[in-house]
1. List every residue pair whose Cβ atoms sit under 8 Å apart, with the two residues 6 or more apart in sequence or on different chains, where the first one lies in region 33-58 and is under 16 Å from Pro103 (Cα atoms) and the second, anywhere, is hydroxyl-bearing (Ser, Thr, Tyr) and surrounded by fewer than 16 Cβ atoms within 10 Å (Cβ to Cβ).
2. Can you tell me which residue is nearest to Thr81 (Cα to Cα) among those in region 3-28 that are at pLDDT below 85 and open to solvent by 40 Å² or more (accessible area, probe 1.4 Å)?
3. Is it the case that some residue within region 65-84 is crowded, with 17+ Cβ neighbours inside 10 Å and either among the aromatic types (Phe, Trp, Tyr) or farther than 26 Å from Ile158 by Cα (or both)?
4. For region 37-57, give me the residue count where each residue is in a loop (DSSP other than H, G, I, E, B) and either among the small types (Gly, Ala, Ser) or farther than 18 Å from Asn189 by Cα (or both).
5. Among Ile169, Ile130, Ile158, which is open to solvent by 50 Å² or more (accessible area, probe 1.4 Å) and hydrophobic (A, V, I, L, M, F, W, C)?
6. Show the residue pairs that are 6+ apart or on different chains and have beta-carbon atoms under 7 Å apart, the first residue being within region 103-121 and farther than 18 Å from Arg40 by Cβ, the second being crowded, with 23+ Cβ neighbours inside 10 Å.
7. Restrict the check to region 81-99 and report whether at least one residue is assigned to a loop (DSSP other than H, G, I, E, B) and over 20 Å from Arg46 (Cβ atoms).
8. Could you tell me which numbered condition Ile175 fails, if it satisfies all but one of (1) open to solvent by 70 Å² or more (accessible area, probe 1.4 Å); (2) over 24 Å from Thr49 (Cβ atoms)?
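The values are calculated or read from the model by the stated rules, or taken from the named source; none is laboratory data. Here the structure is a predicted model, which means the values were calculated and not measured. Reconstructed Cβ throughout: ideal geometry from the backbone, glycine too, with neighbour counts over all protein chains shown. The protein model used for the area step is the full one, side chains on, heavy atoms only, and it has no ligands, DNA or RNA in it. Shrake-Rupley method; radii C 1.70, N 1.55, O 1.52, S 1.80 Å.
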Amino acid sequence: MPANIDGWILCGGEGRRMGGQDKGLLTWQDAPLALHVARRMTPQVRHITLNANRHLDDYGRWGWPVQPDDADLPEKTGPLTGMLTGLRHAQGDWVQFSPCDSPALPPDLTHRLWQAAQEANALIAVPCSIDAATGEQWHHWTAALAHRDTREALQQMIGQSERRVGQWIRACPWIGVCFERPEDFININTPETLHGSPRQ
């Protein structure tokens, strides 16, 4: 694992399915969701940044840097704006992204994604999992590992009013990496999943 991978946690969403609440600060299993994610990511990357657009002081109390979306980028474009901000501010060559509502990410996420990207000469590696009930493959686009050389493609996508993370990733050399435990990528993005998801 190289020493030039930054962690970037996406906490800037509007939380519409949560009634407009700031998802990263909602408590799940005795701690805020984004804090779970930061703790999962810290051993895997060089350093962590929390990308948030409100309640910056609340996020800042945990000790990691907090960075809002860059002011020149359009508002309400979904996670792409936060991801481009992360690629712009990255000090290393790679950025490991994570949504703030995925508190159970695997401990080898970054290592496996980086290894796969090196072997495939890809600029983005995306975790995927198989739904045990349906056999359907799911790509977890916002948990991607991306090289900063993808910034220009992402800038162009945002300029074209694209909001889908998968569209940007597919425009770059990328690879999917299958993980065995779909539950590691649980999204706590509704009140039902916040209160009813099993303990990890």
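1. Cβ pairs passing all conditions: Leu33/Thr27; Ile48/Thr42.
2. The first filter runs over region 3-28 and keeps only residues at pLDDT below 85, leaving 3, 12-21.
Imposing the further condition that a residue be open to solvent by 40 Å² or more (accessible area, probe 1.4 Å) reduces the set to 3, 13-14, 16-17, 19, 21.
On the way: Ala3: 25, Gly13: 10, Glu14: 13, Arg16: 17, Arg17: 19, Gly19: 21, Gln21: 19 Å.
Filtering first and then ranking leaves Gly13.
3. No.
4. 5
5. Within the list Ile169, Ile130, Ile158, the selection yields Ile130.
6. Hits for this filter: Ala116/Ala125; Ala117/Ala125; Ala117/Leu145.
7. Here is the first cut: in region 81-99, the residues assigned to a loop (DSSP other than H, G, I, E, B) are 90-93.
Those left that are additionally over 20 Å from Arg46 (Cβ atoms): none.
Within region 81-99, not a single residue is assigned to a loop (DSSP other than H, G, I, E, B) and over 20 Å from Arg46 (Cβ atoms).
8. (1)
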